[in-house]
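Colleague: Please read through the structure below; I'll follow up with questions.
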Amino acid sequence: MMKHYLLSIYQPEGDPPPPEVLDPVMRKLDALNEEIKAAGAWVFAAALHPPSTATVLRSHGDEVLITDGPFAEGKEHLGGFTIIRACDLDAALAWGRKLAEVVTLPIEVRPLHGEY
């Protein structure tokens, strides 16, 4: 049975690279996404807006406190993600490795609970 895995892309704070750097990366990413789809492993992917657009909700007693910004401060943030189907962790790590090579950023591979 196929399991689902989250491939999280962590990117550094700051402006994106200039087009001469970013454009080739995006072309390679599009090609990898097509490869994942052709293999039947594709579920969903998305890029996220910067952490400054985040809103955090925290339950505190009988109230829910709302604050601007990401949950945690850091030099890296979640910039996007892909959800894939894979037969096991090794197969998911193989896709994660390819993604890391394409985007040249850290990739966290994590299984999702349950069946979908």
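The numbers here are math on the coordinates, done by the rules we state, and not lab data. From a predicted model like this one, the values you see are computed outputs, not experimental measurements. All Cβ positions, glycine included, derive from the backbone under ideal geometry; neighbour counts span all protein chains shown.
Colleague: Using the Kirkwood formula on the Cα atoms of the range 3-111, what hydrodynamic radius do you get, in angstrom to one decimal?
Modeller: Result for the range 3-111 stands at 15.4 Å.
Colleague: Here's a follow-up. If one takes the longest principal axis of the Cα atoms in the chain, at what angle in degrees, from 0 to 90 and to the nearest 10, does the Cα axis of helix 19-38 lie?
Modeller: 70 degrees
Colleague: Still on this structure: Which distance in Å, rounded to a whole number, links the C-alpha centroids of the range 8-38 and the range 87-115?
Modeller: 15 Å
Colleague: Using only Cα atoms, tell me the angle between helix 89-103 and the longest principal axis of the chain; keep it within 0 to 90° and round to the nearest 10.
Modeller: 80 degrees
Colleague: So, one more: Please give me, ordered by residue number, the GluC sites (Glu not before Pro) of the range 42-100 that lie in loop per DSSP and have at most 13 other Cβ atoms within 10 Å.
Modeller: Sparse-neighbourhood loop GluC sites (Glu not before Pro): 73.
Colleague: Taking the Cβ of residue 112 as the center, what net charge do the other residues with Cβ under 12 Å away carry, scoring Lys and Arg +1 and Asp and Glu -1?
Modeller: Residues near residue 112 contribute +2 overall.
Colleague: Continuing with the same structure: Helix-derived [θ] at 222 nm for the chain: sum -39500 (n - 2.57) over DSSP H runs of at least 4, divide by residue count, nearest 500?
Modeller: -10000 deg cm²/dmol
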